[in-house]
Amino acid sequence: WVDVITTLLQNVTTTSTSLKIASLQTIGFICESINPDVLTAQSNPILTAVIQGANSEEPSQEVRYAAITALLNSLEFVRHNFENEGERNVIMQTVCEATQSPDTSVQVVAFECLVRIMQLYYDKMRFYMEKALYGLTVIGMKHEEEKIALQAIEFWSTVCDEEIELQIDEDNQDPEHPPTRENFQFAKTALPQVLPTLLFLLTKQDEDADEDEWNVSMAAATCLSLLAQTIGNEIVAPVIPFVEQHIRNPDWHYREAAVMAFGSILDGPDPSVLTPLVAQALPVLIEMVKDQVLQVKDSAAWTLGRVCDLPIECIQLDVHLHNLISALVAGLEDSPRIVANCCWAVMNLAEQLGDAGAETCPLSQYYEGIIATLMRITESNVNENNSRTSAYVAMATLCSSGPKDTHPTVAKLGVAILGRLDATIVSFAQALGTDDRLSLGELQSNLLNVLTNVARTLGGQISEISDQLMTSVLQLLNTASKQAAVSEDAFLLVGSLITALEGGFTRYIESFSPFLYSALQNHEEYQLCSISVGLIGDICRSLGQDAVPYCDQFITILLQNLESEVLHRDVKPGILS
């Protein structure tokens, strides 16, 4: 429809306000959903009309709103207009003036435009940052209208995203080819204005907000953590006084903001800079997991998770480990939000301190206590805030990192988890509603994941329960036909059993092979098919000569799969190897 844009553009010049608005909205929708290449040829007239509608002289704020929205959607394909300094100046002036409109909705979209422009045209922004954008956005962040403040904060998050990417490119640069793009270090330059504003906004928590609801304090914390990744060590000196001043403030808003600020700057600075700060902060954070206020406890648990994710040498294990584990285990019995964060902290510690090949590790003595608590809190079937899933993932991580002196605890856990898996198979047969079945399926996946890691860690010792394990898996595969994810996890468990038992798996192959053949021929569920191909490799490696009777069938199916037009291509390299 070649002349649709021309027709709409004529409407924009009429005197009828409602026709102007409708035409600008339509242009906006076309710009949003049509491939930019198709519109590039018409970018000049579109831009002229949109800028005219968005102009500060336009009396109707509704027309301005429709025009700025259309501009937001056309920023992709006006690249050659942005190359031209005169045209670029007009666009930038129009957007900057719109941030000062008397109408809130116009201001919000104008700030959205600035965010998008920074994403698309960072390289052209130096002049405008100095002339207007620093001031505009810092004032915008303090605006009492939350939607405006959120976009102004997003602007600085976008600056950081761009500069982090430029830094990565620079670090991977071939010395003979200098980088093609310059990093203007806007974030570093603006730190004295932006940082105090972000720290102030951290104290604007909304206590009634649902925790999935995006608000200024969350946006400020995200922006602060991106700022720390962008400028590294230089973030520390200006943030720490705020933390020290408020971490014991009787007003919980300031206490929580101080904890959040500390947690947000842990990714970016060098570990050597962070180590003394962590030593100072840990005792206070450990205490704060027991704070009276849920929000403070939640952020303290999250910050402990971040601390446990740092290089482990940042934590003085002989001084802090015992109290840290005690605080995390106590947090596991708290509300679901805190449980999820404490589980994450336990996983981070297990990954860093655990060592599957070693005789022992600093965490060994705590294994039994942590696992007993995780088992206790997962007895109920509530998965609020993903707390139950987090607890099972933490168990699986503890198993996979467990050194030899934890194997008896891991073996005991395997027996208990197998008991739970059997109970879900019985419940599944009785479950009527789709929701119940989905929830049970998710639980079965969690349990299978733990058992897979138990088998990998125990190796040959798993033979003590392998009969019961295979019986349960075969029962499960009979009932899980509708849930591919559960079948995939069951197959991964079988893979870990084949590797652990080696030749000992021969006695199960007869009863397992029908499920294997069926999965190999299930081209719709290609991930399950791909796992099955991997299992053939495991079987031949582990069983050696005992696999010979099955090889004809294996080869036949694999060749059919290679020839299949329907099977996803990702499965085929695995078949060849």
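The values are calculated or read from the model by the stated rules, or taken from the named source; none is laboratory data. Model, not experiment: these values are computed from the prediction. Using ideal geometry, Cβ is built from the backbone for each residue, glycine included, and neighbour counts are taken over all protein chains shown. Accessible surface is based on the protein model in full, side chains and every heavy atom, while ligands, DNA and RNA are left aside. Shrake-Rupley method; radii C 1.70, N 1.55, O 1.52, S 1.80 Å.
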Mean-position separation - Cα centroids, segment 382-402 and segment 533-577, in angstrom: 33 Å
GLU32 versus VAL273: modelled label distance in nm, points set 7 Å from Cα along the beta carbon direction: 4.1 nm
Electrostatic dipole magnitude of segment 156-248 [Cβ: Lys, Arg +1; Asp, Glu -1; Cα centre; debye, to 20]: 580 debye
Cα gyration tensor category, rounded, prolate or oblate, for segment 431-475 with a/c compared to 1.5: oblate
Over segment 68-146: Kirkwood hydrodynamic radius from C-alpha pairwise inverse distances, Å: 12.8 Å
Equivalent ellipsoid, segment 230-350 (semi-axes from 5 times Cα gyration tensor eigenvalues, Å): 21, 18, 12
Per-selection Rg to Rh, the chain - Cα, Kirkwood hydrodynamic radius: 1.05
Added length on full extension, which subtracts the Cα-Cα distance from 0.36 nm per residue, LEU294 to SER335: 13.9 nm
Within the chain, longest stretch free of exposed trypsin sites (Lys or Arg not before Pro) [DSSP loop, at most 16 other beta carbons within 10 Å]: 291-577
P(r) weight above 14 Å for segment 363-430, C-alpha pairs, percent: 61 percent
Cβ-Cβ FRET estimate between HIS322 and GLN468, R0 fixed at 30 Å, reported to 0.05: 0.25
Residue-count net charge about VAL548 - beta-carbon cut-off 15 Å; Lys, Arg +1, Asp, Glu -1: -2
Largest-first ordering by accessible area, 1.4 Å probe, given options TRP1, TRP344: TRP1, TRP344
Normalised contact order of the chain, rounded percent, pairs of Cα under 8 Å and 6 or more residues apart: 6 percent
Sites THR15 and GLU359, calculated FRET efficiency, Cβ-Cβ separation with R0 60 Å, nearest 0.05: 0.10
Dipole axis of the chain (+1 Lys, Arg; -1 Asp, Glu on Cβ), positive-most option in THR556, ILE139, ALA49: THR556
Leading residue at positive end of dipole, the chain (Cβ point charges), from PRO403, VAL159, PRO573: PRO403
Dipole moment magnitude, nearest 20 debye, the chain about Cα centre, only Lys, Arg, Asp, Glu C-beta charged: 460 debye
Rounded, prolate or oblate (a/c below 1.5 giving rounded, otherwise prolate when a/b exceeds b/c) for segment 392-522 by Cα gyration tensor: oblate
Candidates per GluC sites (Glu not before Pro) in segment 474-577, loop by DSSP, up to 11 other Cβ within 10 Å: GLU524, GLU565
Segment 120-176-segment 264-318 distance, computed between alpha-carbon centres (Å): 28 Å
Spatial extent of segment 293-407: Rg and Dmax, with the Cα atoms as the point set, Å: 13.3, 42
With DNA, RNA and ligands ignored, accessible area of TYR526 (1.4 Å probe; Å², nearest 10): 70 Å²
14 Å beta-carbon shell around TYR254, net charge (K/R +1, D/E -1): -2
